[in-house]
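Written out below as structure tokens is the structure these notes cover.
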Amino acid sequence: MVASNNSRLPLYILVGAALGLLTGLALGERTTALAPVGLAYAKMLEIAVFPYLFCSLFVGLGGLARDRAWRLLTASWTVYLLLWGLTFLSIFLLGAVIPPAPPPAVLLPGSEGGLSEILELLIPSNIVLALDLNFVPAIVVFAALYATAIQSLPEKATLLASMEVLRRASVTIWNWIVYFAPFGVFALFASTAGTADAEMARSIATYSALFLLGTLVLGFVILPGVLSLIVPRSYGAILTELRPALTLALVTTLSVAALPFIQKAVERLCEQQGIDSDEAGDVVKASISIAYVLSQLGNYFTALFVMFAAYHQRVAIDFAQWLLLPVMTLLSGIGS
């Protein structure tokens with residue numbers, strides 16, 4: 001793992017960010033030449049997203065028996081609703097700090113998206129097109145549908161074994177790419193700081209402060225506290241168990257790198273509670289695969305950015321759009 005091979009990587013990333021910020025402020029718009037470097041790093045991280053997504057769902061869902069999968073669904077849907085509710089409540093409380101959008105400087109005609117566009121985002125009638133257009137919800141639906149279909153097939157073992165190999169290969173690729181993080185972060189910070197005017201810089205600082213406050217409180221206070229109410233572990237014990245996972249996610253800037261440590265922590269909890277069976281192991285693997293798709297709660301802070309962008313671009317959000325914002329954010333953030 002990256003954490004064991006290079007424990008100083010988080011320091012290098014912070015140094016890269018600081019140097020990038022100073023370089024952008026010193027050189028101004030000349031740092032736009034560095035933008036392709038940052039973009040290349042971001043695209044490299046995306047290389048293994050869809051292979052991992054496909055393989056994770058196939059291995060997690062496809063490896064379960066049909067009745068076991070149904071029991072897992074009925075037992076976990078309330079947990080996902082609770083997580084989503086707490087996340088969006090936090091986001092809307094933070095969004096209340098952002099001032100209402102001022103009157104627009106220029107009035108532009110709006111565009112309305114219809115139901116057909118939403119269905120196109122959700123229903124993978126052409127999986128190749130969905131991949132080309134980066135319609136992640138449609139891709140998730142496609143993978144989940146096929147994974148469910150193979151649950152009762154007797155010949156699935158070879159396919160699932162191959163998928164597990166590809167899933168692990170995707171994590172390995174990410175571990176390679178993350179070594180370029182200091183350079184990618186340097187380029188991104190430099191090009192952003194060099195092209196932002198004073199007003200934009202103040203706005204970005206406000207948004208960044210709200211984002212960090214929200215994610216830190218949600219991730220280290222609210223969610224562990226709620227988790228301690230539903231599992232036989234105290235708040236402190238939960239944070240101690242998850243410390244390796246949290247550290248590795250910080251080191252690699254990849255949430256997926258933490259999943260093996262989360263799985264180990266859950267397996268230890270099962271052993272301590274006397275839950276030791278093949279069914280428990282299958283359920284743990286399936287739950288982690290599904291959670292990767294549905295409960296990457298940080299993705300949903302896109303809604304906070306929409307609120308910030310509306311203020312910055314002088315676009316007022318009406319009541320209907322406020323109601324649709326959590327729904328569309330959930331669809332956009334699934335599996336990303």
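The values are calculated or read from the model by the stated rules, or taken from the named source; none is laboratory data. Remember, it's a predicted structure, so these values are computed and weren't measured experimentally. Glycine gets a Cβ as well: all are built from the backbone with ideal geometry, and neighbour counts include every protein chain shown. When the accessible area is computed, the model is the full protein with side chains, heavy atoms only, and any ligands, DNA or RNA have been set aside. Shrake-Rupley method; radii C 1.70, N 1.55, O 1.52, S 1.80 Å.
Identify which of Leu269, Leu323, Leu254 has the largest mean-square fluctuation in a Gaussian network model of the chain, with springs joining Cα atoms closer than 10 Å.
Sorting by GNM fluctuation, first place goes to Leu323.
Whole angstrom only: what separates the Cα centroid of the stretch 223-240 from the Cα centroid of the stretch 174-192?
Cα centroid to Cα centroid, the span is 34 Å.
Per residue, how much accessible area does the stretch 252-336 show when a 1.4 Å probe rolls over the protein heavy atoms, in square angstrom?
51 Å²
Dipole of the stretch 123-273 (Lys/Arg Cβ +1, Asp/Glu Cβ -1, origin at the Cα centre): which of Val226, Gly236, Ala144 lies farthest to the positive side?
It is Gly236, whose Cα lies furthest towards the positive end.
I need the calculated FRET efficiency for the pair Glu117 and Leu216, taking r as the beta carbon distance and R₀ as 45 Å, to the nearest 0.05.
0.80
Here are a few candidate values for P(r) over Cα pairs in 20 Å bins from 0, in percent: [x] 28, 49, 15, 5, 3, 0; [y] 33, 54, 12, 1; [z] 25, 59, 15, 0. Which one was actually calculated from the structure I just gave you?
Here the calculated entry is [z].
In the chain, carbon and sulfur make up what percent of the accessible area (probe 1.4 Å)?
70 percent
Return the lysines within reach of Lys156: Cα separation strictly under 20 angstrom, same-chain partners fewer than 8 residues apart disregarded; answer none if there are no such residues.
Lys285
Can you classify the stretch 157-284 as rounded, prolate or oblate using the Cα gyration tensor, where a ≥ b ≥ c are the square roots of its eigenvalues, rounded means a/c under 1.5, and otherwise it's prolate if a/b beats b/c and oblate if not?
In terms of gyration-tensor shape, oblate.
What number, rounded to the nearest 500 deg cm²/dmol, is the helix-based mean residue ellipticity at 222 nm of the chain, given -39500 (n - 2.57) per DSSP H run of at least four residues and division by all its residues?
-24000 deg cm²/dmol
By how many degrees, 0 to 90 and rounded to 10, does the Cα axis of helix 278-294 deviate from the longest principal axis of the chain?
Taking the Cα atoms of the chain, the angle to 278-294 is about 20 degrees.
Can you give the longest run of the chain that contains no GluC sites (Glu not before Pro) sitting in a DSSP loop with at most 15 other Cβ atoms inside 10 Å?
156-336
Please give the per residue accessible area of the stretch 168-244, computed with a probe of 1.4 Å over protein heavy atoms only, in Å².
Ligands and nucleic acids excluded, the result is 56 Å² per residue.
Apply the a/c threshold of 1.5 to the C-alpha gyration tensor of the stretch 227-284 and tell me whether it is rounded, prolate or oblate.
It comes out oblate by the Cα gyration axes.
Based on DSSP loop calls and a cut-off of at most 13 other Cβ atoms within 10 Å, the longest stretch of the chain free of exposed trypsin sites (Lys or Arg not before Pro) is what?
The reported range is 9-313.
Which of Pro154, Pro244, Pro36 moves most in a GNM of the chain, Cα contacts under 10 Å?
Of the options given, Pro154 has the highest mean-square fluctuation.
Kindly express, to the nearest 10 degrees and within the range 0 to 90, the angle between helix 156-177's C-alpha long axis and the longest C-alpha principal axis of the chain.
30 degrees
Each residue of the stretch 211-227 in order: what ³J(HN,Hα) in whole Hz does its phi give by Karplus 6.51 cos²θ - 1.76 cosθ + 1.60, θ = phi - 60°, with x for Gly and Pro?
Calculated HN-Hα couplings, in order: 4, 5, 4, x, 5, 5, 5, 5, x, 10, 10, 5, 5, x, x, 5, 4 Hz.
Can you give the angle from 0 to 90° between the axis of helix 49-62 and the longest principal axis of the chain, with both taken from C-alpha atoms, to the nearest 10?
Relative to the chain, helix 49-62 is tipped by roughly 30 degrees.
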